[in-house]
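Taken together, the values in this text are just the output of simple stated rules run on the coordinates, not laboratory data. Remember, it's a predicted structure, so these values are computed and weren't measured experimentally. Reconstructed Cβ throughout: ideal geometry from the backbone, glycine too, with neighbour counts over all protein chains shown.
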Amino acid sequence: MAKVLFALTSHFKDEKGWESGCYVLEVALPYFHLIKNGIEIDFVSPKGGEVPVKQLDLDDAKVKFFFKDKDARHKFLNSYHPKDISAKNYDAIYFPGGHGAVFDIPFDEDIAKVASEIYENDGVVCAVCHGGAGLLNVKLSDGSYLVNGKQLTAFSNQEEVAIGTDQKVPYLLETALIEKGAIYSCKANWQEYVVVDGRLITGQNPASDLLMAKELVKALKKK
């Protein structure tokens, strides 16, 4: 049975009190699609334990359904600490979004190392929306950035401006990925868009999470 590691944020509030956290819908839809296809899932976060979520997200019907699932709820509230994770146990790693991801995921060296090892062991690396921040500091054993020269997508600068968060985030993700050598592309705001470049699968925004999960299942079945 294939096994996928979901790498989630531990960040909730910045110094100005802006709440972000994990966007649970980008966890829930891929989670159930992968489980339906017989794939096992573990959760990890920089601090381990309960993953932070905005109350607004918790009120969503699909999120409520996710938390009614006993296994999903337990994993989300008891995520592994990165030190407890061994890359050799996983066939893929997935970085879901939520603005919290841009604050902590790229700077967790253990998670970046796990992602690198999974990729170099012929595994798949995936990200959706702000989860693309998890790709920023993943370096391969030759010292190069994983995203360098790779076709990918993530939450766009224009989408950030559209929701008024471009002045709140510590950096614009699209710009940061391009600075690391990524070949970035996107569609119009809120359109479903997924880019597959070998064993790197990325989705632009929340509309893209299920398609990303479908591409991941395809990639794992090829293995």
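Quick notes
- Residue that is farthest from the chain's Cα centre (by Cα) [pool: residues in region 22-68 that are within 23 Å of LEU216 (Cβ to Cβ) and small (Gly, Ala, Ser)]: GLY38
- Condition check for ASP71: part of a helix (DSSP H, G or I), over 15 Å from the mean Cα position of the chain (by Cα) and acidic (Asp, Glu): yes
- Hits in region 1-56 (condition: of a type in the set (S, T, N, Q), farther than 18 Å from PRO82 by Cβ and touching a residue at least 40 places away in the same chain (Cβ under 8 Å)): SER20, ASN37
- Enumerated helices (runs of 4 or more DSSP H) restricted to region 143-223, each holding at least 1 residues that are buried (at least 18 other Cβ atoms within 10 Å of the Cβ), among the small types (Gly, Ala, Ser) and in contact with a strand residue (DSSP E or B) (Cβ under 7 Å, 6 or more places away or on another chain): 209-222
- Inclusion of LEU200 among residues that are out of contact with any Lys or Arg (no Cβ under 9 Å at 6 or more places or on another chain), within 30 Å of LYS223 (Cβ to Cβ) and touching a residue at least 12 places away in the same chain (Cβ under 8 Å) is not warranted.
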